[in-house]
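Chemist: Have a look at this one before I ask anything.
The values are calculated or read from the model by the stated rules, or taken from the named source; none is laboratory data. What you are looking at is a predicted structure, and each value in this text was computed from that prediction instead of being measured. So basically every Cβ, Gly included, is an ideal-geometry build from the backbone, and we count neighbours across all protein chains shown. Calculation scope for accessible area: heavy atoms of the full protein, side chains included, ligands and nucleic acids excluded. Shrake-Rupley method; radii C 1.70, N 1.55, O 1.52, S 1.80 Å.
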Amino acid sequence: METFDPAELPELLKLYYRRLFPYAQYYRWLNYGGVIKNYFQHREFSFTLKDDIYIRYQSFNNQSDLEKEMQKMNPYKIDIGAVYSHRPNQHNTVKLGAFQAQEKELVFDIDMTDYDDVRRCCSSADICSKCWTLMTMAIRIIDRALKEDFGFKHRLWVYSGRRGVHCWVCDESVRKLSSAVRSGIVEYLSLVKGGQDVKKKVHLSEKIHPFVSKSINIIKKYFEEYALVDQDILENKESWDKILALVPETIHEKLQQNFQKYHNSLQRWEYLKKAISWQDNTKNDKCGPLLEWEIMLQYCFPRLDINVSKGINHLLKSPFSVHPKTGRISVPIDLQKVDQFDPFTVPTISSICHELDAISINDEGKEGNEAESDIKHRTRDYKKTSLAPYIKVFEQFLENLDKSRKGELLKKSDLQKDF
């Protein structure tokens, strides 16, 4: 994988926005079939430019308007906001209080830094293949719930470009949800609670909710490899003390003594499970499986940024934006291949621009009319780079949105015929 040099970013962005950014698919997404008048025109975009210059309330008439502006500004980062009552770029001309956020996709933001108290391989902005499993589990758990528990159909998962993932739920009914309902959904999906000072962050009741048991079943598939081998969470006294803080004090001494006798986390975990099941007889404390699950959830369950999800006017980084620190493109994740997704093989802006240069050299002399070739170029260019499979995932998502919109329109017209 080639190294990314941030000093080259301005030139690379020019090329990316001119030749590689998937404008047609992007517009097709946010225009939602043009069913609602001015839906795209009332959408807020924000651009972060070089030297952290931040511009909010950008809005565009159509795809070509968006293209021209992006190619003129070459933003380092693009964020997408809500659909407002008026055009965001005219918000200063609107009577005070009249300019209101009305709709937006339900979004989720999961960031690896929120797991720093439970991952041992990396911290802050760093990630590696050992802790990326946390994101794999998060996608599996949250996506299952959104699909099965809530019935949401159109879920786009996107890699943030550095250390996390985002989810955009795009069903028409979901985009209309109030802030209170969004809060309720995030609340339902949250089990790990409490800040840095709170040691025990998961508390299960005797009656286990199906959401919890289904989440535990997903974690079980990864737990041994992830927690006991890769993270080695019972490797030494310092690491197992964190786990002792999550079980009743009455068994601390026994665990401390016996952990010394075992050679690795796998053996210590097996002993821990036995020790907490012996607890059951005392009846004062929680029974074995509950304690075991609380530990598993604290170490593996998704940690959502609640504020991002509940605010309708909250902005979130756009798919196909470039991460200015890593140079990686914010690409959609194929839900069929979540386990195979590797953030370190995601194309960087330098790698796809170099792929493009190589193509351009081969194509020179083959093209005639300059203006015509530019349009032709653009539709084909990204297909020849390693961005292609990710755009294909995006197109499949759009295809499903279109199908379901056509289905809804047919239903409506059939209903009208019945009257």
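Chemist: In sequence order, what are the phi-derived ³J(HN,Hα) couplings for region 288-300 according to the Karplus relation 6.51 cos²θ - 1.76 cosθ + 1.60 with θ = phi - 60°, rounded to whole Hz, with x for glycine and proline?
Modeler: For region 288-300, the Karplus curve yields x, x, 4, 5, 4, 5, 4, 5, 4, 5, 4, 8, 10 Hz.
Chemist: Stretch N258-D65 to full length: gain in nm at 0.36 nm per residue minus the Cα-Cα span?
Modeler: Answer, rounded to one decimal: 62.7 nm.
Chemist: Using only Cα atoms, locate the centre of region 1-75 and the centre of region 164-241, then give the distance between them in Å, rounded to an integer.
Modeler: 33
Chemist: Using only DSSP helix segments of four residues or longer, with each worth -39500 (n - 2.57), what per-residue ellipticity at 222 nm results for the chain after dividing by its residue count and rounding to 500?
Modeler: Helix-only estimate at 222 nm: -13000 deg cm²/dmol.
Chemist: OK, next. Beyond 25 Å between alpha-carbons counts as too far, so tell me which of K214/K317; K14/K383; K317/K392; K221/K392; K207/K261 fall in that bin.
Modeler: K214/K317; K221/K392; K207/K261
Chemist: Then there's this: Among Q298, Q25, Q257, determine the one that fluctuates most according to a GNM of the chain built with springs between C-alpha atoms less than 10 Å apart.
Modeler: Result for the chain, Cα springs under 10 Å: Q257 fluctuates most.
Chemist: Here's a follow-up. Report, to the nearest 10°, how far helix 388-418 tilts away from the longest principal axis of the Cα atoms in the chain, using its own Cα long axis and a range of 0 to 90°.
Modeler: 80
Chemist: Then there's this: First compute the accessible area of region 193-300 with a 1.4 Å probe, then give the percent of it belonging to carbon and sulfur atoms.
Modeler: 50
Chemist: Loop-only GluC sites (Glu not before Pro) in region 1-90, please: DSSP not H, G, I, E or B, and at most 12 other Cβ atoms within 10 Å.
Modeler: Within region 1-90, the qualifying GluC sites (Glu not before Pro) (loop, at most 12 other Cβ atoms within 10 Å) are E2.
Chemist: At 0.692 mPa s and 37 °C, plugging the Kirkwood radius over alpha-carbon pairs of the chain into Stokes-Einstein gives what diffusion coefficient in µm²/s?
Modeler: 137
Chemist: How much length, in nm to one decimal, is gained on full extension between D5 and K274, taken as 0.36 nm per residue of separation minus their Cα-Cα distance?
Modeler: 91.6 nm
Chemist: Starting with the highest mean, order 351-358, 270-277 by the number of other Cβ atoms within 10 Å, averaged over the residues of each peptide.
Modeler: 351-358, 270-277
Chemist: What net charge do the residues around G311 carry, taking every other residue with its C-beta under 10 Å from that of G311, with Lys and Arg at +1 and Asp and Glu at -1?
Modeler: Summing Lys and Arg as +1 and Asp and Glu as -1 gives +3.
Chemist: Which ³J(HN,Hα) values in Hz, rounded to whole numbers, follow from the phi angles of region 318-330 under the Karplus curve 6.51 cos²θ - 1.76 cosθ + 1.60, where θ = phi - 60° and Gly and Pro get x?
Modeler: 3J(HN,Hα) across region 318-330, in whole Hz: 6, x, 6, 6, 10, 7, x, 8, 9, x, 7, 7, 6.
Chemist: Shape verdict for region 225-361, please, from the Cα gyration tensor: rounded (a/c under 1.5), prolate (a/b greater than b/c) or oblate.
Modeler: prolate
Chemist: Treat every Asp and Glu Cβ in region 193-300 as -1 and every Lys and Arg Cβ as +1, leave all other atoms uncharged, and give the resulting dipole magnitude about the Cα centre to the nearest 20 debye.
Modeler: Approximately 320 debye in magnitude.
Chemist: Tell me, what ³J(HN,Hα) does each residue in region 13-29 have, in order and in whole Hz, if you take phi through Karplus 6.51 cos²θ - 1.76 cosθ + 1.60 with θ = phi - 60° and put x for Gly and Pro?
Modeler: So the Karplus estimates, Gly and Pro as x, are 4, 4, 5, 4, 6, 7, 10, 10, 5, x, 4, 4, 5, 4, 5, 4, 5 Hz.
Chemist: Subtract the Cα-Cα distance of I36 and K411 from 0.36 nm times their separation in residues, and report this length gain in nm to one decimal.
Modeler: That pair, I36 and K411, stretches by 133.3 nm at full extension.
Chemist: What's the FRET efficiency of Q267 with C287 using the Cβ-Cβ distance as r and R₀ = 22 Å, to the nearest 0.05?
Modeler: The value I calculate is 0.45.
Chemist: Could you pull out which residues in region 47-67 have an amide N less than 18 Å from a spot 7 Å beyond the Cα of H91, following the Cα-Cβ vector?
Modeler: Under cut-off, by backbone N: 47-49, 53-61.
Chemist: In addition: Decide, for region 209-306, between rounded, prolate and oblate: order the square roots of the alpha carbon gyration tensor eigenvalues as a ≥ b ≥ c, take rounded if a/c falls under 1.5, and otherwise choose prolate if a/b is larger than b/c, else oblate.
Modeler: It is oblate, given that a/c is not under 1.5 and a/b is not larger than b/c.
Chemist: In nm, to one decimal, how far is the modelled label at A388 from the one at C128, with both set 7 Å along Cα→Cβ?
Modeler: According to this spin-label approximation, the distance is 3.4 nm.
Chemist: Related question: At q = 0.20, 0.30 Å⁻¹, what is the log10 ratio I(q)/I(0) for region 141-196, with the Debye formula run over Cα points and no solvent?
Modeler: Those come out to -0.88, -1.30, one per q.
Chemist: If you don't mind, another one. Hey, got a sec? Which trypsin sites (Lys or Arg not before Pro) in region 37-89 land in a DSSP loop and have at most 11 other Cβ atoms within 10 Å?
Modeler: Those satisfying the criteria are K37.
Chemist: Taking the solvent-accessible surface of protein heavy atoms with a 1.4 Å probe, what is the per residue accessible area of the chain in Å²?
Modeler: 49
Chemist: Out of residues 5 or more away from A82 or on other chains, whose amide H comes under 5 Å of its own, with H placed 1.01 Å from N in the peptide plane?
Modeler: Under 5 Å from the amide H of A82: E44.
Chemist: What aspartates and glutamates could a cross-link reach from K237, if we take a straight Cα to Cα line under 14 Å and drop same-chain neighbours fewer than 8 places away?
Modeler: Cα-Cα hits under 14 Å: E253.
Chemist: Which distance in nm do the two modelled labels at V181 and K337 give, with both placed 7 Å along the Cα-to-Cβ direction?
Modeler: The answer from the label model is 3.5 nm.
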